[in-house]
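Presented below is the structure to which this report refers.
The values are calculated or read from the model by the stated rules, or taken from the named source; none is laboratory data. All of these numbers come straight from a predicted model, not from anything done at the bench. In this analysis, Cβ positions are derived from the backbone assuming ideal geometry, glycine residues included, and neighbour counts consider all displayed protein chains.
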Amino acid sequence: AGGLGHPLLDAKLELAGGQGVLFTGQISLRGQPWLAGHAVLESPVLPVAGLVELVVRAGDELDGTGIGELTLHTPVVLPRGGALEVQLAVAPVDDAERRSFALHTRAVGADGPWVTHAEGFLTSDDPVALGDSAAEPLAGTAAQVELPEEWQPEAAQYGLHPELLDLAVRAPDVVAAVGAAQPGTVRVPAEWHDVRLRAGGATAVAVRAAELGDGAVRVQLTDPSGQPVLTVGRLVFHDVPDSGFVTTGSSVLPLFRLEWGAGALPEPERAPRWGVLGAAGADVPGPAFADVAAAGAAVAAGAPVDAVRLWALPDAGPDGDVVGGLHGRTHRMLTLVQEWLADERLAGLPLVVLTRGAVSTGIEDVPDPAGAGVWGLLRSAQAEAPGRIVIVDLEPLSEGPGSGAGGEPAPWEGQLASIVAAGEPQAALRGARVRLPRLQRSSAGALTAESTVAWDPDGTVLVTGGTGALGRIVARRLVAEHGVRHLLLLSRRGPDAPGADELRAQLAAHGATVTLVACDAADRDALAAVLRDIPAEHPLTGIVHTAGVLDNGLVADLTPQRLDAVLRPKADAAWHLHELTRDLDLTAFVLFSSSVGVVGGPGQADYAAANAFLDGLAAHRAAAGLAATAIAWGLWEVDDGINAGLGEAGLKRYEREGFRRLAPAEATDLLRAALTDGEAQLVALPVDLAAMRAHGQVPPVFQGLVRTPQRPTARSGGGAGDALGARLAALPDAERRTTLLDLVRAEIAAVLAHAGGHAVDAERPFQELGFDSMTAVDLRNRLVALTGLQLPATLVFDHPSPVALSDWLLGRLAPADAGAPAPALADLDRLEAALADGGGGDDALRSTVTVRLRQLLARLGEAAQEPDGGGPDVAESLEAASASEIFDFIDNQLGRSAPTN
């Protein structure tokens, strides 16, 4: 090792601008031969003890900080005959005197993505911060552990040799405390809390452990003389599936599943005062409004409403018309959401949309695909207007609008109140539990050489969108790697599509028979005719539905016609494929959906609705025992309509928010892994955890991937706007304007992916700066977070330039006279000074003054609560009073003159 003189870390780099420190190194069997003894399922693995050693060494370089927490996300598996690059990124010290870190690796020389293996934080390495009680001897007999003799000469190069630490945490007392692994898993020490290295270079230690409950232990290592070597305040073991330890030549892929875990939400301080939209005549828990306009008028008139609920139930029309139900329900929801978001009178109220059986929270659920489409549309609307919409799914047989049995509140009323109070944007109620959607890593992400699907070489595989960018890639992979010999490629232009002849020739060169057909799969009759023409000797055995079109636009700009144009090739076609083939024994029924249907995305409500329908259809088929795999893809690195529609600014924003595009080879590996695993709904979305955390608040759906402190946020006296307003008000007028303009320019730079606010011309019109409707919404949302103000989506169109916008915001946050003390306050300061000695020792005077001042305060309070009777407000009168008038007021109220200085 060089630079740092450590076997695992080579160099330390201070990042510019105070952005933290980056440590780098390499890990290989050649460089660390002791790793040969650490193999799981024949794969060499760096034990978690090695990660602890890496982070401890980095802490030594940073003024002696220790590990407050380290959490393993995925094991570090070494490539056979190769090496891993290591990057340990350590952030600057935060307000809590902690440094967060993330540890990443990738194969040396590879162009693929970095894999995040562990995250946590460093904290002050002192007895007070880490608890010196951890060094107090634990009771019980110690297990003696010794580093193998062949590795003892290098012990001094480490703080604590990972081989020795790994042996220590697998000592009998520790194993007995944490129990055995479940079948098909490996139990690993995954969570390390309050780790402190107290002496380095040990070759033998005594290990003591104390059970803490819930499978956690406290661990203490001492040297032969009894002196502490290392203490762990809390160590938690997790069971990692065997598939997480992938074999040689394999990789861990960014494949996730959406889990609906039980959420423990606190009870609200008080129940919200509900309004109900469109439920007139029902027994509802608050005023019912016929439409959005009526709700806005009532709220503007002072109606006591904290939130408005809306029932989005299935149509009562003929059974079986799923496609018609999807279009009708999304049309109505689109119109209603447009009206809701456009009505500024309702800007402070959440619209709580209640669905029933629209999402699958587990194998017992049979979701309504049309309801899932409504969820997709709403998720995108949430991304455009954070905090304005909440979606809650009830059980399919739960109560409808109104109260529960016998006029009592419905059993889920309390849970609904908790969801709204907690600020959760999405939830499902199942039984007595609130379930919250969180992405979790799927075991399908462990791709091995054996990961494959047995495609029947005599069967026909149908690919919709077969001549499109994704369809071509899939077709080539099916033929070249999976042995498919009969392909039926459908597209709108079929054999007349650009490049169709070349594609046919490429596939034929691999021994495949290819049929290209022009067919609109959304036309049920046309699709049925194509299916009838499939020869009996090569029956249909698989379907891959990649077709789709994009028509990006903000919710406010969409129309039912634009919505239908996106739904037809994606959702309608998928349902027709389902209905026409449900009686066939298919090997695979693969639906290419989009991550936007799961996590939302501004400007893609129509596309999100179509793709969420596909996810719901896959769950619907799986519940019926039919083949089904829906993969919600992130962006691919291909020249297609999706990438072109986003443009350069959109792609940069995508990466800045913590996402990475998929290379085609990686995407097809994901397809193979997903089909091997057999889960019905998966999300293939490369997530850059560090970038997501740096971008700002992590959306709830990703909080299962990005570890955040599990504690309530301290309450403050006001929101973001109060803090910024107070900061500006304390500045001179000229500095206020400059300070706020700099903040606005910084947000503009972030939206446009510029180097910084200095790159933004404050006088230049927004349109010339490159703003469109999408970037306008992005800026609005960032300024809402900055200022705490309710701001319209048309903000950049209402104020033509950054300086004009900044000046308008300044008027809202800190009016020109905000920094000047009010006359009444100045006079009260004089009165306070006059009474500073408490009445000069005169107890009677002090008592009288106290009573009279309390009476005055009481009268001021009463005046503030009285309705306007036409007379002047007391507070306003005091604000406008002169010095002599304020003292006259006090004289009259107290009955005697106030003392003067």
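Return a yes/no flag: does region 428-441 have any residue that is modelled with pLDDT of 90 or more, surrounded by fewer than 18 Cβ atoms within 10 Å (Cβ to Cβ) and in a loop (DSSP other than H, G, I, E, B).
No, region 428-441 has no match at all.
Please specify each residue of region 537-563 satisfying the condition of being of a type in the set (Gly, Ala, Ser), under 30 Å from ALA793 (Cβ atoms) and surrounded by 22 or more Cβ atoms within 10 Å (Cβ to Cβ).
Across region 537-563, the qualifying residue is only GLY548.
Just name the residue that is nearest to the chain's Cα centre (by Cα) out of those in region 663-686 that are in a helix (DSSP H, G or I) and more than 16 Å from VAL544 (Cβ to Cβ).
GLU666
Does ARG764 satisfy the criteria of being surrounded by 15 or more Cβ atoms within 10 Å (Cβ to Cβ), over 21 Å from ASP733 (Cα atoms) and of a type outside the set (A, V, I, L, M, F, W, C)?
no
Evaluate the following for ASP557: is it of a type outside the set (Lys, Arg) and in contact with a Lys or Arg (Cβ under 6 Å, 6 or more places away or on another chain)?
For ASP557, the condition - of a type outside the set (Lys, Arg) and in contact with a Lys or Arg (Cβ under 6 Å, 6 or more places away or on another chain) - is not met.
Would you point out the residue of region 187-225, among those that are surrounded by fewer than 15 Cβ atoms within 10 Å (Cβ to Cβ) and charged (D, E, K, R), that is nearest to PHE245 (Cα to Cα)?
Filtering region 187-225 for residues that are surrounded by fewer than 15 Cβ atoms within 10 Å (Cβ to Cβ) and charged (D, E, K, R), the one nearest to PHE245 (Cα to Cα) comes out as ASP214.
Is it true that some residue in region 603-614 is over 18 Å from ALA571 (Cα atoms), in the same structural domain as GLY465 (by TED's automatic domain parsing) and crowded, with 24+ Cβ neighbours inside 10 Å?
Yes, region 603-614 contains at least one residue that is over 18 Å from ALA571 (Cα atoms), in the same structural domain as GLY465 (by TED's automatic domain parsing) and crowded, with 24+ Cβ neighbours inside 10 Å.
Please specify each residue of region 37-74 satisfying the condition of being charged (D, E, K, R) and outside any helix (DSSP H, G or I).
GLU42, ASP63, GLU69
Please find, among VAL683, VAL687, the residue that is touching a Phe, Trp or Tyr at 6+ places or on another chain (Cβ under 7 Å) and at pLDDT below 85.
VAL687
Only one of THR629, THR581, THR587 is among the β-branched types (Val, Ile, Thr), in contact (Cβ under 8 Å) with a residue 12 or more places away in the chain and under 20 Å from VAL323 (Cβ atoms); which?
Among THR629, THR581, THR587, only THR581 is among the β-branched types (Val, Ile, Thr), in contact (Cβ under 8 Å) with a residue 12 or more places away in the chain and under 20 Å from VAL323 (Cβ atoms).
Are there any pairs, at least 6 apart or on different chains, whose C-beta atoms fall under 8 Å, with the first in region 173-186 and loosely packed, with under 11 Cβ neighbours inside 10 Å and the second in a helix (DSSP H, G or I), and if so, which?
Sorted first by the residue in region 173-186, then by its partner, the pairs are GLY184/ASP242.
Does at least one position in region 777-788 carry a residue that is in a loop (DSSP other than H, G, I, E, B) and at pLDDT 85 or above?
Yes: region 777-788 contains one or more residues that are in a loop (DSSP other than H, G, I, E, B) and at pLDDT 85 or above.
Within region 466-489, can one find any residue that is more than 32 Å from the chain's Cα centre (by Cα), within 16 Å of HIS576 (Cα to Cα) and not small (Gly, Ala, Ser)?
Within region 466-489, not a single residue is more than 32 Å from the chain's Cα centre (by Cα), within 16 Å of HIS576 (Cα to Cα) and not small (Gly, Ala, Ser).
Looking at ILE534, ILE473, ILE419, which is the one that is in the same structural domain as VAL392 (by TED's automatic domain parsing) and either crowded, with 18+ Cβ neighbours inside 10 Å or touching a residue at least 24 places away in the same chain (Cβ under 8 Å) (or both)?
None of the other options fit; the residue is ILE419.
For region 16-45, give me each residue that is under 29 Å from the mean Cα position of the chain (by Cα) and either at negative phi or surrounded by 17 or more Cβ atoms within 10 Å (Cβ to Cβ) (or both).
ALA16, GLN19, GLY20, VAL21, LEU22, PHE23, THR24
Which one of VAL229, VAL175 is assigned by TED's automatic domain parsing to the domain that holds GLY244, of a type in the set (Val, Ile, Thr), within 19 Å of LEU138 (Cα to Cα) and at pLDDT below 90?
Testing whether each residue is assigned by TED's automatic domain parsing to the domain that holds GLY244, of a type in the set (Val, Ile, Thr), within 19 Å of LEU138 (Cα to Cα) and at pLDDT below 90 leaves just VAL175.
So which residues in region 106-139 are of a type in the set (A, V, I, L, M) and either surrounded by 12 or more Cβ atoms within 10 Å (Cβ to Cβ) or at pLDDT 80 or above (or both), if there are any at all?
Residues satisfying the conditions are ALA107, VAL108, ALA110, VAL115, ALA118, LEU122, ALA129, LEU130, ALA134, ALA135, LEU138.
Filter region 773-790 for residues that are within 20 Å of GLY601 (Cβ to Cβ) and either among the hydroxyl-bearing types (Ser, Thr, Tyr) or buried (at least 17 other Cβ atoms within 10 Å of the Cβ) (or both) and give the result.
SER773, MET774, THR775, ALA776, VAL777, ASP778, LEU779, ARG780, ASN781, ARG782, LEU783, VAL784
Are any residues in region 600-618 modelled with pLDDT of 95 or more and not charged (D, E, K, R), and if so, which ones?
Correct list: ALA605, TYR607, ALA608, ALA609, ALA610, ASN611, ALA612, PHE613, LEU614, GLY616, LEU617, ALA618.
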